[in-house]
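Worksheet: the structure to be examined is printed underneath.
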Amino acid sequence: MNKKYIIPIVTLVLAALLAACEESPETSTELDNQSQNSEVSQDKKSVLDENKSTSNDTQENPVPKDSTLKEEYSIKLNNTKLETEKLKATDSSTYALKKVEDDRWELWDKLLNEIYGELKEQLSPEEMEQLRENQRQWLKDRDDQALEASLKFKGGTQEHLEYVAVLANLTEERCYELVDRYMK
């Protein structure tokens, strides 16, 4: 009689052990997401730390006191160019590369807005109105060019990277153009 009960009991215990050891798909997915999130957080921290250290070095070419506004902004353009060249991805992940391009675009866009604000004060109302219309058209063209360039990666991980890289490049060019053409 003992043998009759031993086989079902052993089978039941083994089944319970195997069921307890099995990892549910939800738990596995949650763990994968947590590890990916911590990797992304570490990537963000590394990129931010590196970018902070480069932003402290941007005063490589100080602006002389007796310089003209055009000379002052030419120096700012060169300093920003140096700062953006120092931005490096911490690894080759798409996230890190996107972060660098986003930071580049942010730096150039900030300088573009500063230049535009300075031109508002410097130009006559007629010249400013013409520049305003020109700027609106440029913004539309810039966005269209960035979208067109990103379409070659449509649906891929490189799509946003290409879009922001083109935005950064065109915004940089526009900064130089505004200083050269309009500043006195």
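Taking the Cα centre of region 101-184 as origin, work out the dipole magnitude from +1 charges on Lys and Arg Cβ and -1 charges on Asp and Glu Cβ, in debye rounded to 20. If you can, show how the numbers build up before the last one.
Numbers: 12 positive and 22 negative charges, 24 e Å.
Value, rounded to 20: 120 debye.
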Inter-label distance, nm, simple model (7 Å from Cα along the C-beta direction), ASN113/PHE153
2.5 nm
Could you go through region 80-87 in sequence order and give the Karplus-derived ³J(HN,Hα) for each residue, using 6.51 cos²θ - 1.76 cosθ + 1.60 with θ = phi - 60°, rounded to whole Hz, and x for Gly and Pro?
5, 4, 4, 5, 5, 5, 7, 5
Okay, which of region 162-184 sit inside 19 Å, backbone N to the point 7 Å along the Cα-Cβ direction of ASN134?
170-184
Given labels modelled 7 Å from the Cα in the Cβ direction, how far is it in nm from VAL13 to THR68?
9.4 nm
Would you mind computing, in nm to one decimal, how far apart the modelled labels at GLU106 and ASP144 are, each placed 7 Å from Cα along Cα→Cβ?
3.0 nm
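In terms of the ratio Rg/(2.2 N^0.38 Å) built on C-alpha atoms, what value belongs to region 111-182?
Details: Rg = 14.5 Å, N = 72, 2.2 N^0.38 = 11.2 Å.
Cα-based Rg divided by the globular estimate yields 1.30.
None of the figures in this text is laboratory data; all of them are computed from the coordinates on show. What you see is a predicted model; the values in this text were computed from it and never measured. When we count neighbours, we look across all protein chains shown, and the Cβ atoms used for this are built from the backbone with ideal geometry, even at glycine.
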